[in-house]
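Each remark here refers to the structure printed beneath this line.
The values are calculated or read from the model by the stated rules, or taken from the named source; none is laboratory data. Everything quoted here is computed from the prediction, not taken from an experiment. Positions of Cβ are backbone-derived with ideal geometry, glycine not excepted, and every protein chain shown enters the neighbour counts. Note: areas computed on protein heavy atoms with side chains; ligands, DNA, RNA excluded. Shrake-Rupley method; radii C 1.70, N 1.55, O 1.52, S 1.80 Å.
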Amino acid sequence: LFYFEVNILDKGDNGEIGIGFCAKTVNLNRMPGWENNSWGYHGDDGNFYCCSGTGKSYGPLFTTCDTIGCCLNFRYKVAFYTKNGVHLGIAFQDLEGELYPCVGMRSRGGSMKVNFGHEKFKYTGKFIIICFSYNFNINMLSFILYKQRLMMMILVISY
């Protein structure tokens, strides 16, 4: 399990910001998710990008003063994001290989600060993943304990 957060200090002129992860062979002159072996959640459109320049709807837009978290669960090969401490749901699945945090900004005047755990995270939720087999499928139930509430997400991955 690996988690980091990015605090958007200033979105800059157009707010083109991407937060994600990639293999070390990826061209770092492109936004996260636009290249093979690269995945990212973008603030200007709320889409996630998986190894291509075509995005899919995922979460809310993010901008100045927002904090976006990115969690990779290497055991279950999934990733999720948070915005200002709120879990946004599973974004990617079937992740493999050696992956590294990746942040991109194509916005003049923009700035951000990355927290790899040296400061307290905004996301304080805990989660437990239970895995069981049923008719050649793996059903992962992720229980996210967020303060006094229990939120449940179901992710079904077929073999």
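When the accessible area of the range 26-76 is computed with all protein chains present and a 1.4 Å probe, what percentage of it is carbon and sulfur? Carbon and sulfur: 48 percent of the exposed surface of the range 26-76. Dividing the convex hull volume of the alpha-carbon atoms in the range 8-129 by its residue count gives 104 Å³ per residue. Take the Cα of Thr63, step 7 Å toward its Cβ, do the same at Phe116, and the gap between the two points is 3.1 nm. Distance between the pseudo-spin-label points of Glu98 and Asp45 (7 Å out from Cα toward the beta carbon): 3.2 nm. Computed with every protein chain present, the accessible area of Asp45 is close to 60 Å² [probe 1.4 Å].
Which of the residue pairs Lys24/Lys56; Lys11/Lys113; Lys24/Lys77 have a Cα-Cα distance greater than 21 Å in the structure shown? Cα-Cα > 21 Å for Lys24/Lys56; rest within. In this structure Leu61 has an accessible area near 100 Å², from a 1.4 Å probe over the protein heavy atoms. So which lysines can Lys120 reach, going by Cα to Cα under 21 Å and dropping same-chain residues fewer than 8 places off? The reachable lysines, counting only those whose Cα sits under 21 Å from Lys120, are Lys83, Lys147.
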